[in-house]
Amino acid sequence: IIAVGRRAAPVARWIKTQNAPFAVHVQIGRFQDPFATVDLLVTTAQYALPGGPNVLHLSLPMTARKPDALAAAAKAFAPLFDGALQPSIGVLVGGPSNPIKFGAKDGEKLVRDALTFAEKTGARLLVATSPRTPPEVVAHLQATLKAPHVLFPFEPGLSDPGRGDRNPYPALLASCHSFIVTNDSVSMVADAALTGREVRVFDLPVA
């Protein structure tokens, strides 16, 4: 039984009791119960869980982007990339996630660093925010980024099935030459790293 999340764990344990001794319970991600209650815990560094004989720590979370989905996203956003005179840097912006903080000053530094990198490399910034991006950070991005840089503020429903043609995130993964990713989301870092292109991680403060 493979389970993900706090609510799924007790369900997985119950299923195991109904199929003893043949069932094996594998829990993925964050886990707050005693480790002895699972056969294998597969976790990643952002949860800061201790080691153990039944704990497997992965360097990055399990993530996958289907090539067909990335190709479709790139096609939907082709007008943004076709004919561009400079390479594009995808800036993937998250938000606060305890114990990581993300305030207005952090947003200002992110913009300064990204613009400096873009100027040095002769590139433009394509910036995508997330549901957790603080409004003050989005406002600063909107006020600061001018053409040829492009901002994609997050819109509710962008992650829903069938809205891929409006979600810039997979299109940026498919088409950008390099990336700047805020370190609050290990999944975003993994997605960018899987492209095989340059990834710069922007460190946010920890409380």
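Table: residues versus (1) surrounded by 13 or more Cβ atoms within 10 Å (Cβ to Cβ); (2) modelled with pLDDT under 95; (3) charged (D, E, K, R); (4) closer than 18 Å to residue 187 by Cβ.
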residue: 82; (1), (2), (3), (4): no, yes, yes, no
residue: 102; (1), (2), (3), (4): yes, no, no, yes
residue: 106; (1), (2), (3), (4): yes, no, yes, no
residue: 116; (1), (2), (3), (4): no, no, no, no
residue: 119; (1), (2), (3), (4): no, no, yes, no
residue: 141; (1), (2), (3), (4): yes, no, no, no
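Please work out which residue is farthest from residue 8 (Cα to Cα), limiting yourself to the range 18-30 and to residues that are of a type in the set (S, T, N, Q) and not in a loop (DSSP other than H, G, I, E, B).
It comes out as 18.
Please go through the range 125-136 and give me each residue that is open to solvent by 20 Å² or more (accessible area, probe 1.4 Å) and either of a type in the set (Val, Ile, Thr) or more than 12 Å from residue 93 (Cβ to Cβ) (or both), ordered by number.
Within the range 125-136, 135, 136 qualify.
Can you find, within the range 168-191, the residue that is modelled with the highest pLDDT among those that are within 20 Å of residue 71 (Cα to Cα) and in contact with a helix residue (DSSP H, G or I) (Cβ under 7 Å, 6 or more places away or on another chain)?
Among residues in the range 168-191 that are within 20 Å of residue 71 (Cα to Cα) and in contact with a helix residue (DSSP H, G or I) (Cβ under 7 Å, 6 or more places away or on another chain), the one modelled with the highest pLDDT is 179.
Answer yes or no as to whether residue 4 is within 20 Å of residue 187 (Cβ to Cβ) and within 22 Å of the chain's Cα centre (by Cα).
yes
Looking only at residues in the range 171-207 that are without any contact (Cβ under 8 Å) to a residue 40 or more places away in the chain and not in a loop (DSSP other than H, G, I, E, B), which one is surrounded by the most Cβ atoms within 10 Å (Cβ to Cβ)? It would help to see each step written out before you state the result.
Looking only at the range 171-207, we keep the residues that are without any contact (Cβ under 8 Å) to a residue 40 or more places away in the chain, and these are 195-199, 201, 203.
The next check asks that each one be not in a loop (DSSP other than H, G, I, E, B); those that pass are 198-199, 201.
Numbers: 198: 14, 199: 19, 201: 15.
The qualifying residue surrounded by the most Cβ atoms within 10 Å (Cβ to Cβ) is 199.
Taking the residues in the range 14-30 that are open to solvent by 70 Å² or more (accessible area, probe 1.4 Å) and touching a helix residue (DSSP H, G or I) at 6+ places or on another chain (Cβ under 8 Å) as candidates, determine which candidate is nearest to residue 58 (Cα to Cα).
30
From the list 154, 77, which one is closer than 23 Å to residue 205 by Cα and among the aromatic types (Phe, Trp, Tyr)?
154
Could you say whether any residue in the range 63-70 is of a type in the set (S, T, N, Q) and at pLDDT 85 or above? Give the steps one after another, and end with the answer.
Looking only at the range 63-70, we keep the residues that are of a type in the set (S, T, N, Q), and these are 63.
Right, trim to at pLDDT 85 or above and you get none.
Scanning the range 63-70, I find no residue that is of a type in the set (S, T, N, Q) and at pLDDT 85 or above, so the answer is no.
Output the residues belonging to the range 31-51 that are exposed (fewer than 15 other Cβ atoms within 10 Å of the Cβ), within 23 Å of the chain's Cα centre (by Cα) and not in a helix (DSSP H, G or I).
Hits for the range 31-51 are 32, 48.
The values are calculated or read from the model by the stated rules, or taken from the named source; none is laboratory data. Not measured: the values here are computed from a predicted model. Positions of Cβ are backbone-derived with ideal geometry, glycine not excepted, and every protein chain shown enters the neighbour counts. With ligands, DNA and RNA removed, areas are computed over all heavy atoms of the protein, side chains included. Shrake-Rupley method; radii C 1.70, N 1.55, O 1.52, S 1.80 Å.
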